[in-house]
1. With the cut-off at 23 Å, report for region A:108-197 the share of all Cα pairs above it, as a whole percent.
2. Quick check on the protein assembly as shown: what are the equivalent-ellipsoid semi-axes from the Cα gyration tensor, as sqrt(5λ), descending, whole Å?
3. With the radius of gyration and the Kirkwood radius both derived from the Cα set of region A:203-272, what is their ratio Rg to Rh?
4. Taking the highest mean first, how do the peptides B:51-63, B:145-157 order by number of other beta carbon atoms within 10 angstrom per residue?
5. What residues qualify as long-range amide H neighbours of residue B:152, i.e. H under 5 Å apart, gap of 5 or more or another chain, H built at 1.01 Å from N?
6. How much net charge surrounds residue B:244 when only other residues with a Cβ under 12 Å from its Cβ are counted (Lys, Arg +1; Asp, Glu -1)?
7. If you rank B:40, A:229 by fewest surrounding Cβ atoms within 10 Å, what's the result?
8. From largest to smallest, what semi-axes in whole angstrom does region A:103-155 give when each is the square root of 5 times an eigenvalue of its alpha carbon gyration tensor?
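No value in this document is a laboratory result; all are computed from the given coordinates. Given the structure is predicted, the values throughout are model-derived calculations rather than measurements. Every residue, glycine among them, receives a Cβ derived from its backbone with ideal geometry; neighbour counts consider all protein chains shown.
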Amino acid sequence: MSAAAELHSLRRGRATTKPQNLAAFLFLLPWFIGLFLITLGPMSVSLYLSFTDYNLLQPATFTGLDNFTRMFTDDRLHQSLVVTFTYVFVSVPLQLALALGLALLLDRGARGLPFYRSAFYLPSLIGSSVAIAVLWRTVFGSAGLLNQGLALIGIQGPGWISEPSTALGTLITLNVWTFGSPMVIFLAGLRQIPTMYYEAASIDGATKWRQFLNVTLPLLTPIIFFNLVLQIINAFQSFTQAFIVSGGTGGPADSTLFYSLYLYQRGFGSFDMGYASAMAWLLLLVIGGFTAINFWASKYWVFYND
Amino acid sequence: MRSVSIRRMGAGAVALATGAALAACGTSGGADVEVSEEPVTIRVTWWGSDARAELTNEAIAAFEKEYPNITVEGEFKDWGGYWDALATTTAANDSPDVIQMDELYLASYGDRGTLLDLNEAADLIDTSQFDEAALATGQIDGAQYAMPIGVGVPAGVVNADLFEEYGVEIPDDSTWTWDDYAAIAEELTEASDGAINGSSVTGGNDVGSVKYWARLHDNELFGEGGKVTLDPEVLASMWQYNLDLIESGGAESAAQAVESLNAGVGAGSLATGKIAMGFAYNTQITALKEASGADLRLVQLPGSGEVDANFFKPSMYWAASSQSDNPAEAALFIDFMVNYEAAAEILGTERGIPANNEMREFVSGNLSETDALAVDYMNSVVPGTPPVVTPNGGSGVEPMIQRYTQEVYFGQSSPEDAAQALIDELQAEVDAAQ
């Protein structure tokens, strides 16, 4: 069916389905109820609480912008921002590069593709779970699997997660390892690229590398963009891994103090819910800001083939 | 009514007066403290292992047999989740009626009015079998917010097997000093050719080690009225001592210390035989011996021969919520758990050595070997004056100490700078909560 015919049928469809709108809204109703009761309601309360001093056990008292001005002098908050930004800017590009690399390999139609696809996707399913974080803690312990392996080739490895200099690195590795979901999306994207471009390119004498640079990459930019936005948003909110690996402390010596972990410590550890709410809103602003920048920048590098 | 009636009458009078005042205002938080004849359901919450849950549920069944009209619903969680849940249910005015409470959080909840002053239920809870010092650990400004269940005492632990293996003599713990301790630790490391370290780091992994060090130097972590009285020089000297011990090889490395801390008592360096001496609580000896299988012994802490710096730490408490609709039944439950032989027989020393003198006597009749070690040690300790209860806002003191300790041991800040920073931050936290 041509695009014009498709569009036409869509238009016609819309004209004839008016009575069905009601049904659509009815089906959406559970979601709307959820949105208002469990998302928007608490969000607006948290916005109010961010301007108060609230310890959970006594009524909140309004303190204006106090919580936000306190942020400028809170060294641990700054440390948590450093940790989180490092995590986002190192792990997301690495993860996407790995995902794209493997997607390209798998896309060549290797035998047993469904098996490999599932195998590589597996870490993503369990990667942010508590069980994997516990496993990670054992693998990277000073007498863990990794160091036992290194010992075989004569290297005495450190306690990867108990040294401040390497602890964040192991968590970044954990995140990079969960490349499965961007990989699957890349795979789908690669399948969308019409083979005629490659045929034309190879007739013109382009090498595989030139084909990748000049055909694959440009046509894949919408998918890269999509993955980038999603993974950045996810990485900013990272919590479980650091919580389990460091036992909730963000240690050793605050080297894995993720923003959301510090937020949790303020809220539940110190009964400082007002400040924690303010932190949540700052995080929302930061994530919103980065997403906006991403969308703005996308005009200059994302190519839509339509 | 049994003894201690004067204190109780005084408290009763205060309770009556405040009760009258509150009634006049028409806002008395929970319901009246009166035992109901009707069927009543109360909720009880605690943190801990499956083993604890089994014992507690058995004790609950015994309680329900004693009071047929009361149904008890038990809920239990692990330590971390427990406090999150308690904070949120309390905020939602849906707190369980009976709450297992810890010293770190007692004032945070008590000062904010969410706990019932048990003096209001004085004729329902018998306190006659508790030492004044033990009861005082559950009091804030005269209000009895919690009944101590058990006590633990900071202790030194030595691994006698490792001492024997490397031909080092177990020291006389009645006279040894921290200098002796360091020398022995270094001797052990050398004798083992680095296979083990003599000691763990002995300060900064938990708040008890800091309190003990401070008290050795005639200092306290907290004073009255939410004041952090810890002397920065004293704290810095504790860190310096351990830095030297790490440097000389007497103690394990900072990274190993972190790993041991994260692994928990049953899988830390003491339990796995990577070190021969360390700091613990006497009640942890059961878990330690079970995990290691080695001949672990409790010894007096260095310096305790000269200064009575050691102290009884209430291992945990029972408290009742001020939001409870059935405060009298909650009080009856607490009374049962701490005062009845029927409960003590089931619970044993699982929540620490009973703070109730009669019950301690009762359970010591059939103690396991390791429990007997813990009781013997406790009886041998001469405690100094009890430390002040951790003030409101200070519940985060332990992770805070661990964090600064790691900064010092990993060489990120000097002991002096870190000491001042810790004290400032802790004071600010407490002040913010007042």
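1. 43
2. Over the Cα atoms of the protein assembly as shown, the semi-axes work out to 53, 36, 24 Å.
3. 1.37
4. Going from most to least packed, we get B:145-157, B:51-63.
5. When sequence neighbours closer than 5 places are left aside, the close amide H contacts are B:313, B:315.
6. -3
7. A:229, B:40
8. Rounded to whole Å, the semi-axes are 29, 18, 7.
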